[in-house]
Each structure stands twice: as structure tokens, then as C-alpha cells.
Amino acid sequence: SVIARVSPEHKLTLVQTLQEAGHTVAMTGDGVNDAVALKQADVGIAMGIQGTEVSKESSDVILQDDRFYTIVKAIVEGRRIFGNIRKSVVYLLSCNLSEVLVVFLGLLLRLPAVLLPLQILWINLVTDVLPALSLALDPAEPDSMHRPPLPRSEGILTRTIYRRIFCYGSLMALGTLAVAFASFVRHPGDTEYATATAFHTVVFAQLLFVFNVRDHSLFRDLGQIFRNPWLVSGVLISFVLQVLITTIPVFQQVLSIAPLSITDWAIVLAGATLPTLFGQVSKILAGL
């Protein structure tokens with residue numbers, strides 16, 4: 001609908017009517033007669049070149065180039081930032097939940113210490129930091145502008161996301177405990193070896209899981225792995241650091257880890273890959 005030659009009162013009425021219908025209203029204007037409606041709108045957008053000082057003072061956003069396409073670019077950027085915050089929160093909460101569950105379930109099963117305090121500190125300070133920071137630089141999802149707006153009451157975390165965090169955290173914890181059990185079977189009585197395998201499993205599971213926080217399955221779009229070179233670099237650096245500490249005597253002593261055999265490395269990678277593989281398959285089944 002096009003409504004022309006309306007008075008300032010009519011503009012205000014239009015904005016209020018749309019708001020009463022449950023819409024989030026953005027209003028653009030450049031003149032004095034737009035000031036009231038700009039102030040009433042949820043997002044007032046004034047023109048920076050042709051706009052009057054009154055319209056600029058009444059607005060939340062000022063377009064420096066007076067181009068409407070800039071509004072679209074701003075929405076894309078806003079959705080990217082919101083999505084990346086959600087990805088980082090999901091990643092960190094899932095990873096920390098997996099560590100809590102590993103320790104808690106280990107106590108319930110009366111196992112020797114599966115993860116030691118210094119190992120948890122290493123995980124949180126070294127292997128979690130680079131991927132989490134790199135997620136902030138993720139590009140916008142390809143279909144971000146084809147999605148309907150989120151409800152204004154929806155926060156970063158929803159019930160669906162809470163369930164996803166619990167599911168992924170539980171899977172990483174179960175994979176870690178399974179690897180620890182396998183180590184106890186292969187090396188009876190060698191607690192340090194079992195702790196080392198569980199430690200590496202948690203780290204690798206979390207590093208692989210970072211590619212699971214995106215909305216679409218890797219099997220449908222493998223190229224999305226390389227859309228954020230900072231994320232790939234952060235994961236590779238963390239992988240290398242984790243492998244290197246098994247060969248440096250100081251870290252072996254401080255973190256209470258022992259060098260692993262090729263077979264045990266294969267078991268660790270298998271246990272670390274299963275949570276991410278499950279997540280990718282579930283996305284395919286969901287049509288993502």
C-alpha cells in the first residue's frame with residue numbers, strides 16, 4: 001500500500017497502528033514533520049545528508065550516505081552479530097557442560113579421576129579460547145535474510161537451544177567416558193593412561209564440535225568450513241598444541257599425561273568425532 005501526502009499526525013498514527021498489530025516498526029525520514037513518527041518508531045532512521053537536525057535528534061540511526069541499501073546491510077550485519085553471539089554461547093556452554101558431566105559421571109561410576117583440575121584449566125584457557133573468539137568473525141549465514149524476524153521476546157538462548165546444549169554436552173561426555181573405559185580395558189590399572197586418553201578426547205571433541213554450531217550441515221555445504229579462515233586456523237593451532245604437549249616432558253609431568261600409541265590415538269579420534277557426526281546427521285534429518 002502507498003499512502004501519499006500525509007500529515008505528521010497521520011504518520012504517527014500509522015506507526016502506532018503497526019506497533020499495536022505486533023510489528024516492529026522502522027521509520028525513515030528527513031524533515032521536521034517526520035520527527036514525531038521517528039521518535040515513536042522502534043527504530044528511527046534519519047538521513048545524514050539531506051536530513052534536518054530535528055530529524056537526526058529524534059532518530060536512533062543516522063544514514064551517512066542516505067542510501068536505503070545501507071539499511072539492508074545493517075540488518076545483515078545485525079543478524080550476523082546476533083547469530084555469532086548465539087554460536088559462541090552454545091559452543092562454550094556445551095563444552096563446559098561436557099566437562100562437568102565427565103567429572104560428575106566419573107564420580108557416580110566410582111572411576112579414578114577422569115579429568116584433573118590442571119587439565120580442565122588447560123582446556124578452558126587454551127583449546128576453548130581460540131575457536132570461541134574465531135566464531136565472532138563468522139560470516140552471515142547464506143539464508144539469513146530469507147528468515148522471518150525473530151520475536152522481540154526471544155533471547156539468545158531458547159528451550160530448543162537449551163536442549164541442543166544438553167544433547168551435545170552429553171554426547172561429548174559419553175564419548176569421553178567410553179574412551180576412558182576402553183583405556184582401562186586395554187591398560188588395566190594404568191590410571192594415568194586412561195586420564196590422558198580422556199583428556200585428549202574432550203579436547204578433540206570440543207575442537208570438532210565448533211563446526212557443529214552453524215545452522216546447516218557440513219554434508220550439504222562442505223565449503224562453509226573455509227568461509228572463516230580464522231576459525232580454521234584457531235582449530236588447527238589448538239590441535240597442534242594438544243599433540244605437542246604429549247611429547248614435551250614438562251607438560252607430561254604437569255598435566256599427568258603419557259604418550260599414546262597409534263591405536264589409542266585412533267580410539268581417541270573416534271570418540272571425539274562421534275558427537276559432531278551425530279549433530280551433522282541430525283541436521284540432515286531436520287532438512288538443514
Round to a whole angstrom and tell me the spacing of the C-alpha centers of region 180-219 and region 242-288. 4 Å
Number of Lys pairs (Cα under 24 Å; 8 or more positions apart or on different chains) in the chain: 7
Report the label-to-label distance for T24 and I161 in nanometres (one decimal), using points 7 Å from each Cα along the Cα→Cβ vector. 1.3 nm
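At 0.36 nm per residue, minus the direct Cα-Cα distance, what do F278 and I49 gain on full extension? Give it in nm, one decimal, please. Could the numbers behind the result be given before it?
Details: separation 229, 0.36 × 229 = 82.44 nm, distance 5.28 nm.
Gain on extension, F278 to I49, equals 77.2 nm.
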First check a/c for the chain, with a ≥ b ≥ c the square roots of the eigenvalues of its C-alpha gyration tensor; if it is under 1.5, answer rounded, and if not, answer prolate when a/b is larger than b/c or oblate otherwise. prolate
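At a Förster distance of 35 Å, what's the computed FRET efficiency of V254 paired with W230, Cβ-Cβ distance as r, to 0.05?
Numbers: r = 29 Å, r/R0 = 0.83.
The calculated FRET efficiency here is 0.75.
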Of region 263-277, those with amide N under 20 Å from the point 7 Å along the Cα→Cβ vector of V185 are 263-275
What's the ranking of 165-178, 110-123, 191-204, 145-158 by average number of surrounding C-beta atoms within 10 Å, highest first? 191-204, 165-178, 110-123, 145-158
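Compare the peptides 95-107, 11-23 by average per-residue count of other Cβ atoms within 10 angstrom and give them in order, highest first. Write out the running numbers ahead of the final one.
Numbers: 95-107: 18.6, 11-23: 14.2.
Ranked from most to least packed, the peptides come out as 95-107, 11-23.
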Rounded tilt (10° steps) of 191-209 against the dominant C-alpha axis of the chain: 20 degrees
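Throughout, read-outs are computed from the coordinates displayed, never taken from laboratory work. Quick caveat, the model's predicted, so the values are computed rather than measured. Positions of Cβ are backbone-derived with ideal geometry, glycine not excepted, and every protein chain shown enters the neighbour counts.
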